[in-house]
């Protein structure tokens, strides 16, 4: 029996090594959509230049300050929720059993209020982290999607999601009812938009995904996105004033390309042909929060190429998400930039959780990492295309993370505590033991008009 066990364990490790070799060393698996000459005209060039200016303005020279502010907000939110619970217990004289709990600072900003549907714009005041300045369609009219069809890429029909996504100026997009939308080509979202799925079960599935290219200030909230496929491209309207030639899309659920001030919140994402969230080409000022991700290989890619140094501008917050069943790798996989990974619940991975190349700075705080049973996949971290004498200088830090079932984080580089936020003055994160509360409502919520969400 002992020899049989050893043979089984050895064969398992060999199979795992082959899987790793296949999934992380083939360059094409890391590819992300890059514009072809056919997709670049004078309009797109001008918009790219403007987008880059916005990215430079959005970039924060001392990103530790943003991390500090978010940790302060987490403490305040949890303390307020704990005080409210104790107060209700004293008043009722029994165990708290309220129907709504909002334990992280994003949710506590708008959830658990019965009038949320009459005050949808409140959501625009709730983003935290690097996407904190995102207001989406705040100040614009509310547009209601009444038609789930997607048949005209150039002159989309009024009432459809595509029609609303390309309108000029701020717009807050909602849905008249639950619906399944099959996008025939990627949905190009223009600047100053909110796509708000609250109050309906809105599924984007079995077709193309959502793309933000050279835009600014977009909120995507409350959608189910799954089974997204690559599409051949063609003439597609990308804004009110422009229709352009698009080549084949990659099959990402969410693709962010050269864009700034983007907030992705409360999405349920799974089983797409390429990535669940890809952020590339100098995008910055982005928060991914309260999402539930399942059944996928390449979960999140931040930076598409080791040769594109423009991604040094990239600053991304990944907070309060649940990385669930059937995930393999890239939660996220980073190049360059500064990535703050805070209070997420990593209950499943097959290969690794957090990876990268090209010297990204990764600050991991207060997460829970539950390693798989496979002894060859206990390490949370994975570094590509560099020997240890190079990656030892990359700043990868773990603070107050909780490691279970043998999980281990391999840190590297100098401490992440530049002035004026030296360690003694930085708010410590809530440790990983609180993650199950902070992520309890990750994914698209079942909000009912007239009731707390």
Which listed residue is under 29 Å from residue 82 (Cβ atoms), surrounded by 24 or more Cβ atoms within 10 Å (Cβ to Cβ), in contact with a strand residue (DSSP E or B) (Cβ under 6 Å, 6 or more places away or on another chain) and touching a residue at least 60 places away in the same chain (Cβ under 8 Å), from 136, 131: 131
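Among the residues of the stretch 220-247, what is the count of those that are more than 19 Å from residue 155 (Cα to Cα), out of contact with any helix residue (DSSP H, G or I) (no Cβ under 7 Å at 6 or more places or on another chain) and either free of Cβ contacts under 8 Å to residues at least 24 places away in the same chain or in a strand (DSSP E or B) (or both)?
Residues in the stretch 220-247 being more than 19 Å from residue 155 (Cα to Cα), out of contact with any helix residue (DSSP H, G or I) (no Cβ under 7 Å at 6 or more places or on another chain) and either free of Cβ contacts under 8 Å to residues at least 24 places away in the same chain or in a strand (DSSP E or B) (or both): 4 in total.
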Residues of the stretch 334-348 being within 16 Å of residue 269 (Cβ to Cβ) and part of a loop (DSSP other than H, G, I, E, B), in sequence order, are 344, 347, 348
Do we find a residue being in contact with a helix residue (DSSP H, G or I) (Cβ under 9 Å, 6 or more places away or on another chain), under 19 Å from residue 126 (Cα atoms) and surrounded by 24 or more Cβ atoms within 10 Å (Cβ to Cβ) anywhere in the stretch 172-181? yes
Candidates 331, 293, filtered to the one that is assigned to a loop (DSSP other than H, G, I, E, B) and crowded, with 24+ Cβ neighbours inside 10 Å: 331
Counting only residues in the stretch 109-122 that are part of a helix (DSSP H, G or I) and touching a helix residue (DSSP H, G or I) at 6+ places or on another chain (Cβ under 9 Å), the one farthest from residue 69 (Cα to Cα) is identified as 116
Just wondering, is there one or more residues in the stretch 188-205 that are over 21 Å from residue 123 (Cα atoms) and in a loop (DSSP other than H, G, I, E, B)? no
Residue match in the stretch 61-74 (condition: modelled with pLDDT under 85, exposed (fewer than 15 other Cβ atoms within 10 Å of the Cβ) and either assigned to a helix (DSSP H, G or I) or touching a helix residue (DSSP H, G or I) at 6+ places or on another chain (Cβ under 8 Å) (or both)): no
Take the stretch 123-155 and flag every residue that is outside any loop (DSSP other than H, G, I, E, B), within 29 Å of residue 69 (Cβ to Cβ) and touching a helix residue (DSSP H, G or I) at 6+ places or on another chain (Cβ under 7 Å). 125, 129, 130
Filter the stretch 309-323 down to residues that are touching a residue at least 40 places away in the same chain (Cβ under 8 Å) and assigned to a strand (DSSP E or B), then give me how many there are. 5
So, in the stretch 156-166, how many residues would count as being assigned to a loop (DSSP other than H, G, I, E, B), crowded, with 21+ Cβ neighbours inside 10 Å and touching a strand residue (DSSP E or B) at 6+ places or on another chain (Cβ under 6 Å)? 1
Residue 416 passes all but one of (1) in a loop (DSSP other than H, G, I, E, B); (2) in contact with a strand residue (DSSP E or B) (Cβ under 6 Å, 6 or more places away or on another chain); (3) at pLDDT 90 or above; which number fails? (3)
Just one of (1) under 30 Å from residue 76 (Cα atoms); (2) buried (at least 23 other Cβ atoms within 10 Å of the Cβ) trips up residue 109, so point out which. (2)
For the stretch 358-385, what are the residues that are assigned to a loop (DSSP other than H, G, I, E, B) and either surrounded by fewer than 21 Cβ atoms within 10 Å (Cβ to Cβ) or over 18 Å from the mean Cα position of the chain (by Cα) (or both)? 358, 359, 371, 372, 373, 374, 378, 380, 384, 385
Does the stretch 312-321 contain any residue that is touching a strand residue (DSSP E or B) at 6+ places or on another chain (Cβ under 7 Å) and surrounded by fewer than 24 Cβ atoms within 10 Å (Cβ to Cβ)? yes
Under 7 Å between Cβ atoms, at least 6 apart or on separate chains: pull out the pairs that start in the stretch 152-169 with a residue that is on the phi > 0 side of the Ramachandran plot and end on any residue that is loosely packed, with under 15 Cβ neighbours inside 10 Å. 159/146
Regarding residue 389, is this residue touching a residue at least 60 places away in the same chain (Cβ under 8 Å) and within 28 Å of residue 280 (Cα to Cα)? no
Anything in the stretch 254-278 that is more than 22 Å from residue 347 (Cα to Cα), more than 9 Å from the chain's Cα centre (by Cα) and part of a strand (DSSP E or B)? List them, or say none. 255, 256, 257, 260, 261, 262
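The values are calculated or read from the model by the stated rules, or taken from the named source; none is laboratory data. These figures come from a predicted structure and were not determined experimentally. Cβ atoms come from the backbone with ideal geometry, glycine included; neighbour counts cover every protein chain shown.
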